[in-house]
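Comments concern the structure below.
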Amino acid sequence: MSLFLISTSRNISSLYRQRFLSFTPRLLSSNQYNNDIIQAKKQLKVNPSSAKQSPRLRRYHYYVLSIATGALIGTIYALRQVRKHEGSLPEYVANPELLERKAMEARPLPPPITKHITFDVPPRKNFPFNITLYQFVTCPFCCKVRAYLNYNRIPYDIVEVNSVTQKETKWSLYNSVPIVVIENEQIQLNDSNMIISAIESYLRQPTQTFKNIMKLYKSVVEKDQKGNLIFNYPNRYFIIEPLINDQLEVIKEEQKPIVNNQTESFFTRFFSRFFSRSISQSDIDSKKLQNEPIYKPKSNEENVYERQWREWVDNTFIHVISPNIYCTLRQSLNTMHWFSKAGEWEEIFPWYQRWIFIYVGAITMRGLAIYLKKKYNLNDNVRISLYACGNEWVNSIGEKDFHGGSEPNLADLNVYGILTTIQGSEAFQDLMDNTKIQPWFKRMKNLVELHRIDTSIMTIIECTGCTLIAYGIPFSMFVFTIAHHPFRVIIAMTSAFFWLLSLLLSSLLWFAVVPLRNQLAFAVPFAVLFQEIFRYLFYRVIKKAEFALQKVQLQELTEKGMVFDRFAVAYAAGYGFGFISGTFAIVNVLSDMTGPGTIGIFGHSQDFFIATAFLTLAIILLNTFWGVVLFTSLDQGGIHQYLGPIVVVLTHMLFSCLTLFNRTTRPIYSISIITGYVILCGIIVYALFLRGFNIRQRLNRQ
């Protein structure tokens, strides 16, 4: 800042000095100017050396003055900034729950889910909450959380956060990942260790609400000098144990007339305050009958041992990872390529940003690795530090299968999660080859990743099936009845354009009536009326252009020995209306249907996709035969000239209004689907009647 002010001061002074010197001769009279020149020449003759030094000295004096002025201004600014925060301590936020609640209210719903993780077997323990995980796929702390959820087979949704813009987590006050949201209760969990501890505490001590667990993991939030919030969780490594034996003793004591308050332990009082459920003997007996696993509480020594190694993972093991995967420029570049592949950067970033992240990021991370090696006092050969951590971990396991014994504990899952981050790097392969950690890693992988299901194939199959339901019959109709007749194709495309005009007017009305924008029941009737008005207007256009259309179609009619078929025109016009209407109804649903599978997460019906497909098919076919009925009845005249349009408008209004039942808390798709296909059958019969179709005559001809 001081250098900038010095440079600016010098440039401004130089500019004004030049302007002053250029205008000074003009301000002096010519006689005075000549006298000055004469005096200067005399001085040059008397003392030429002093005349040569004078301009230089003045220039040096000017430079010194400019630098001193800039330094003074910069010093004043710096002192002001220092004194502004001098002696100020971090400001602690008294009520962070209120801030977090406001942040959760600002969270966009539904979240931009990129993947849904599910399993082909039930969870190890019941966890009746829906989880959304905000993550970087290559973040080691996010990998710890994923390893824990995968091991316990808890389904969860993933929101992949853009590592540059982080727009997916702009709503959160916690400026890091991972972030887990308990959707059922809109609770935000921060910090990988706190997330794991909170969920593990619920699995060991189920409660009616997850908020009871969060009361034991209060955050200490402080505001630094720049106003940023810093979250700290003092209890992030601690797990709540259910203390089954103590609770059973309390239950037995409650059956006695006199309760000995002195024998009630502190922990029993503590947990009874926050938890409304307890584990009774009847619960244990029922679990034995159902062959469910019964949780055995760990001893205090086991909990301390597990907690110590969880802290070792964060304080020691994590610090040797980055210096090893970025130990050379070549390995740094290979690691960035691995991250690009694992994180699917091709789908997130454009090619030029991905190129910058890979190559510029490789150089930057190489410099960071050098800094981290010095900061944590690692060996000059960082592989030695990595092998030392690997051997230390293996020695802690000993002859056991896992660090937790016969089953993994949280320390096992933490180490495994971090190692999955670097699976594609040379450091990972060197660790496997030069230590005895590989057998343990394979055992962990079999437990953690065995029952995962790739939902991408499932969603593609469902999308394909629903697309065939919605467009199978209409596509066949187009291929066999319209595609081979260019005239009918033109009619269908023109009628689709008229439907778009009706949609435009409906949208303008919806936009103009601001108070009723959220009321779909207001927009539906007007949308139906606009569609039928433009259907009638298209009929009038066809009537006006009928003579010209006959000329256009003359060659085709002559070749096939046909006459101008008004029924075919009505059929093509109705098909165009129906196809564009069905496309607008289902195209966004098909886009969401390709994955991830999110139906049911926010209380949606599991039948939403297939119901939408059947409703789309119904609306396409209904519009097709509504067009036939309207055009044919208006051409036929008589009572049908009035009856036909009335039937079309009323049935269209009835079907559209019945679809409003699909927006209730518990959608009733059966009402709109069954009624829609009943109306379709009636409209088809009426259209055939107007066409003059007679079943008896057809049978007699055969």
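The values are calculated or read from the model by the stated rules, or taken from the named source; none is laboratory data. Here the structure is a predicted model, which means the values were calculated and not measured. Because the Cβ atoms are built from the backbone with ideal geometry, glycine has one as well, and the counts that use them run over all protein chains shown.
Scan the stretch 634-650 and give yes if some residue there is over 22 Å from Phe534 (Cβ atoms) and of a type in the set (A, V, I, L, M), otherwise no. Spell out how you get there, then give the answer.
Of the residues in the stretch 634-650, the ones over 22 Å from Phe534 (Cβ atoms) are 637-639.
Keeping just the survivors that are of a type in the set (A, V, I, L, M) gives 639.
Yes, because at least one residue in the stretch 634-650 is over 22 Å from Phe534 (Cβ atoms) and of a type in the set (A, V, I, L, M).
When Glu344 is tested against (1) among the charged types (D, E, K, R); (2) over 26 Å from the mean Cα position of the chain (by Cα); (3) assigned by TED's automatic domain parsing to the domain that holds Met432, exactly one condition is not met: (2). Taking the criterion of being polar (S, T, N, Q) and part of a helix (DSSP H, G or I), the residues of the stretch 495-549 that qualify are Ser495, Ser502, Ser506, Ser507, Gln531. On the stretch given as the stretch 472-483, residues that are within 14 Å of Asp565 (Cβ to Cβ) and loosely packed, with under 15 Cβ neighbours inside 10 Å total 1. Of Ala411, Ala427, all but one fail to be of a type outside the set (Ser, Thr, Tyr) and over 12 Å from Gly390 (Cβ atoms); the exception is Ala411. Per the conditions (1) under 30 Å from Ile620 (Cα atoms); (2) modelled with pLDDT of 90 or more; (3) of a type outside the set (Gly, Ala, Ser), the sole criterion not satisfied by Trp393 is (1). The test for being modelled with pLDDT of 90 or more and more than 35 Å from the chain's Cα centre (by Cα) holds for Leu529.
Selection of the stretch 583-600 for residues being closer than 12 Å to Thr612 by Cβ, at pLDDT below 80 and of a type in the set (Val, Ile, Thr) yields only Ile599. Contact annotation: residue pairs with Cβ atoms under 6 Å, 6 or more positions apart or on different chains, pairing a residue in the stretch 104-116 that is at pLDDT 80 or above and of a type outside the set (Gly, Ala, Ser) with a partner that is part of a loop (DSSP other than H, G, I, E, B) and surrounded by 10 or more Cβ atoms within 10 Å (Cβ to Cβ), are Met104/Gln186; Arg107/Trp171; Ile113/Pro596; Ile113/Thr598; Lys115/Pro596; His116/Pro596; His116/Gly597.
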